[in-house]
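Undergrad: I have a structure here, written as structure tokens, and I will follow up with some questions on it.
All of the numbers you see were taken from the coordinates with simple rules; none came from a lab. It should be emphasised that the depicted structure is a prediction, and the values quoted were computed from it without experimental measurement. No Cβ is skipped: glycine too gets one built from the backbone with ideal geometry, and neighbour counts run over all protein chains shown.
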Amino acid sequence: MKSINIIWIVLSGLLMITHISTAQQPPSEEAAEKIKALQMEYLSKKLDLSADEAQKFWPIYKNYTKEVELLIADRHSKRQQNRLIGEDADAIAKRNMDNDLGYEKRMYDIRSRYTSEFQRVLPARKAGAIFRSEKEFRTIMLNHLHNQRLNRMNQGMMRKRQM
């Protein structure tokens, strides 16, 4: 009887480790593409783009998102490098603060430049709603992911109770 309990504990531990390790992996390309498609659909509806507006807007928006993704990747890379340097925590914190200020400035510059680009192809009310609509979409996605995580945790607890 004791050996069966040990086997169950080991199997449960392995399943949890597998679940945790897959949960920490970045999203697959397929999932990223689905999210981008959902975002495009959401923005199209929120901005109420005509066919002509959409034709002009999406190439500019895709360039904007590429620049933002590169900036975020650069920020992440710098954070990873700071962890590997092996300096004391205060030196790392100071460098991260400096890097974060630079990141915020670069993000502001990108958004300012693309605000002008968006206003060239869209009416001001639609161009002004782009960043707000992006933020709304991110909030919706984060809430959705949080709810999924809670549901999985609840399902896991229910399974444990059934055992």
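Undergrad: First select every other residue whose beta carbon is under 11 angstrom from the beta carbon of residue 118; then total the charges, Lys and Arg +1, Asp and Glu -1.
TA: +3
Undergrad: How would you order 150-156, 62-68 from highest to lowest mean count of nearby Cβ atoms within 10 Å?
TA: 62-68, 150-156
Undergrad: Okay, next question. Taking a cut-off of 24 Å, what percent of all Cα-Cα pairs in segment 28-162 are separated by more than that?
TA: In whole percent, the long-distance tail amounts to 50.
Undergrad: Moving to a separate point now. Pairs 56/78; 66/135; 34/105; 46/78; 34/135; 66/126: which are spaced more than 24 Å apart, C-alpha to C-alpha?
TA: Pairs exceeding 24 Å: 56/78; 34/105; 46/78.
Undergrad: Which FRET efficiency value, to the nearest 0.05, is calculated for residue 28 and residue 92 with the Förster distance at 22 angstrom and r the Cβ-Cβ distance?
TA: 0.10
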